[in-house]
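J.: Quick one: the structure is below, questions incoming.
FYI, it's all coordinate maths here, none of it is from the lab. Note that the coordinates shown come from a computational prediction; the quantities given were computed from them, not determined experimentally. Glycine also receives a Cβ, built like all others from the backbone with ideal geometry; neighbour counts cover every protein chain displayed.
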Amino acid sequence: MNANAGDAKAGGVSLVRIGGADTVTLQFTGDWVHGAVLAKPVGAVLAELDTGQKPRRALLQTHDLAEWDSRLPTYLLGIVDWCQREGVEVDVSGLPEGVRGLLKLARSVPERSGVRRSAEGAPLLAEVGKWVLGGLKDTKGLVYFIGEAILAGVALLRGKARFRSVDMALCIQEAGPSALAIVTLISLLVGLILAFVGAVQLSMFGAQIYIADLVGLGTVREMGALMTAVIISGRTGAAYAAQLGTMNVNSEIDALKTMGISPMEFLVLPRMLALVLMMPLLALYADLMGIVGGALVTVSAFDVSLVQYYNETRRAVHLHDFGIGLGKSLVFAVLIATAGCMRGMQCGRSASAVGDAATAAVVNSIVYIVVADSLITLICNRLGI
Amino acid sequence: MAYGDFVIQRDLSFTVSRGDVFIIMGGSGCGKSTLLKHLIGLQKPVKGEVFYDATDFWRADLEERVLVMRRSGVLYQSGALFSSLTLSENIALPLAEFTRLGRSEIQGIVSYKLALVGLAGFEDYYPAEISGGMQKRAGLARAMALDPEILFFDEPSAGLDPVSARLLDDLIINLRDTLGTTIVVVTHELASIFAIGNNSVFLDADSKTMLATGDPKQLLAESADPKIIQFLTRGEGNADTHTPKEAKP
């Protein structure tokens, strides 16, 4: 069927005007298949019909028509529709039976009024308006979600929340222990990097010992919690959004609702709790790994003994520094879980919507994390802790 | 019923009696599924009330609504089984959440319900491991887990082969006859409509309202509305009441 353009007979159309240009005959010949070369695009034929005196009658017929597929009826429909708009009478009796049938079928159900979406771009102002309204809707969704999450939390405190401990255990496993390997790697490397960055400056003054201060404080107060949060938002936050989004696509969330089980309690609560429980532990572990990374560099390359490094770290890092780091990781956990679960619960009903939800979950949580981190750091700085 | 400003259906009023097999029918896009969402509590209608006995469903508070929802079961078009749980866990979920039954007793009920829908032995399969028709039947087993007073079906025979569809119809009638379950079915499957329905509402997309309510067989025999006759006879209708739209080209 799909002949090469070379050996396909070209699909031809000729216009003949008879009887004082009152009647125009359109004759179709040759191959009208997807691979064929057409002599004239439909626009050219319409333009030709339009020039000079407009005909009153159009006769469509075929002569020596070889193979044809959807290309012919599409072409014909273009002409027929034009004729109808221009008030030209169309005679299709010269067409093969099959073509006539298809033309009739294609126009048998009239277009429903108001269903066609306009393809032309809206004016800039309308686009801006839409964008603002979309933003408002998003904000409303966020407020709504937070409200529901708080209600679920209250139900939990009253011991009335309904979720399965198996799910909770699974979420904890997913959010915590499963992430250990990647957290180890990243925190170790970040500790290493911090040590190198500090070492370049400090060794100029022979003050290599202060690398321990820099790495210790930097990791415990800042990088441990931050890097863990970034890892977890990409790992667990995205997974939450994708899981809940898929459940939404599959009507599983509807099924829960109609069963009388609140999806907020049953699905969102265990996930949030798991993250809130696991994040501080992961951050603590990341702190340790970061310090180990720093020690590796300092001890091996900058002439500081392990004991000196250890003692300097102990002197520099206080308990309240850990407190700040852990506090941050708690805040980050809530932010990641909120972004992930919210995007999943509000996911649309298509495969691409699930992808969008996962992307949005990660992007949102990283933005929230960085903003929250700067705010907390600023506050701590002002308070002098 | 509307999405935003786009009205789908207006002025609907009908009653489903206890023990009815009630059919919600109409052409595609007329709002059958949306009406179902209003009935099962997934979407609040823009205007109007849904009564369960004396409870005004959408004005009741959440706890009361949940109580009503627990008395009903829903079979979704896709089955909507929880994909991370096995069939047995799926069916056990409502039992474990809402009853005080022991583990072994729940297992007994699960096996019994699966056997009812012809899936005995599939307890430990995951939804992704069984066919679409089986998922649907498992979904029915889950919907029936708590012996609901009302069962809602969203296009139960869509995607089923004719024999399975027939078996499902038989099962529906059986449930009604033995347990007295009230059944509400959204469908446009004519064979099912006549085989099981004893009451119905007919929604129309063009006039955006209901055209009739009553026993579908009676509607076919007595209705004068060409749209209903056309629908109930697959468009073959009586020549005098039904004139096909003239094709333009």
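J.: Bin width 5 Å, origin at 0, all Cα-Cα pairs of the range A:137-383: what percent of pairs per bin?
T.: 1, 7, 13, 16, 16, 13, 10, 8, 6, 4, 3, 2, 0, 0
J.: Ok, one more. Assuming R0 = 30 Å, can you tell me the calculated FRET efficiency for the pair residue B:46 and residue B:215, based on Cβ-Cβ distance, to the nearest 0.05? Don't skip to the end; give the middle numbers.
T.: Details: r = 30 Å, r/R0 = 0.99.
E(calc), rounded to 0.05, equals 0.50.
J.: Pop a pseudo-label 7 angstrom from the Cα along the beta-carbon direction at both residue A:108 and residue A:301 and give the gap in nm to one decimal.
T.: 7.8 nm
J.: Is it possible to state the helix-based mean residue ellipticity at 222 nm for chain A, with each DSSP H run of 4+ residues giving -39500 (n - 2.57), the sum divided by total residues, to the nearest 500 deg cm²/dmol? What is it?
T.: On the way: 14 runs with 242 residues, N = 385.
Theoretical 222 nm ellipticity from helices: -21000 deg cm²/dmol.
J.: While we're on this one: For every other residue with a beta carbon closer than 13 angstrom to the beta carbon of residue B:196, add +1 if it is Lys or Arg and -1 if Asp or Glu, then tell me the sum.
T.: My count for the surroundings of residue B:196 gives -3.
J.: Next question, about the same structure. When the label point is put 7 Å from the Cα of residue B:124 along its Cα-to-beta-carbon vector, which residues of the range B:141-173 have a backbone N closer than 17 Å?
T.: Answer for this model: none.
J.: Given H placed 1.01 Å from N in the peptide plane, which residues other than close sequence neighbours of residue A:32 have an amide H under 5 Å from its amide H?
T.: A:66, A:67, A:68, A:69
J.: Output the Kirkwood hydrodynamic radius of the range B:24-133, Cα pairs only, in Å rounded to one decimal.
T.: That comes to 16.3 Å for the range B:24-133.
J.: Moving on. List the residues whose amide H sits under 5 Å from the amide H of residue B:212, counting only those 5 or more places along or on another chain, with H placed 1.01 Å from N in the peptide plane.
T.: For residue B:212, whose amide H was placed from the backbone, the distant partners under 5 Å are B:202.
J.: Here's another thing I want to ask about it. Computed FRET efficiency, Cβ-Cβ of residue A:205 and residue A:181, R0 35 Å: what is it to the nearest 0.05?
T.: My answer for the efficiency is 0.40.
J.: Based on alpha-carbon atoms only, what is the radius of gyration of the protein assembly as shown relative to the globular estimate 2.2 N^0.38 Å?
T.: Working: Rg = 34.0 Å, N = 634, 2.2 N^0.38 = 25.5 Å.
My calculation over the Cα atoms of the protein assembly as shown gives 1.33.
J.: Which of A:99, A:183, A:367 moves the most in a Gaussian network model of chain A with Cα springs under 10 Å?
T.: Highest fluctuation of the listed residues: A:99.
J.: Which three numbers, in whole Å and largest first, are the semi-axes of the equivalent ellipsoid of chain B derived from its Cα gyration tensor as √(5λ)?
T.: Values: eigenvalues 225, 94, 52 Å².
Its equivalent ellipsoid spans semi-axes of 34, 22, 16 Å.
J.: Using only the alpha carbons of the range B:91-191, determine the length spanned along each of the three principal axes and report them from longest to shortest in whole angstroms.
T.: Between the extreme Cα coordinates on each principal axis of the range B:91-191 lie 43, 32, 18 Å.
J.: Would you please state the base-10 log of I(q)/I(0) at q = 0.13, 0.21 1/Å for the range B:81-147, with intensities from the Debye formula using one equal scatterer on every alpha carbon?
T.: -0.28, -0.74
J.: With each label point set 7 Å from Cα along the Cα-Cβ vector, what nm distance links residue B:170 and residue A:143?
T.: For the pair residue B:170/residue A:143, the computed spacing is 5.7 nm.
J.: Report the Rg/Rh value for the range A:151-196, based on alpha-carbon coordinates and the Kirkwood definition of Rh.
T.: Expressed as Rg/Rh, it is 1.31.
J.: Under 23 Å between alpha carbons, and skipping anything fewer than 8 positions from residue B:136 in its own chain: which lysines qualify?
T.: A:257, B:32, B:37, B:113
J.: Take residue A:34 and residue A:385, extend 7 Å from each Cα along the Cα→Cβ direction, and tell me the distance between the two endpoints in nm.
T.: About 6.9 nm, to one decimal.
J.: When the Karplus curve 6.51 cos²θ - 1.76 cosθ + 1.60 is applied with θ = phi - 60°, which whole-Hz ³J(HN,Hα) does each residue of the range B:129-143 get, with x for Gly and Pro?
T.: Once rounded to whole Hz, the list reads 8, 10, 6, x, x, 5, 4, 5, 5, 5, x, 5, 4, 5, 4.
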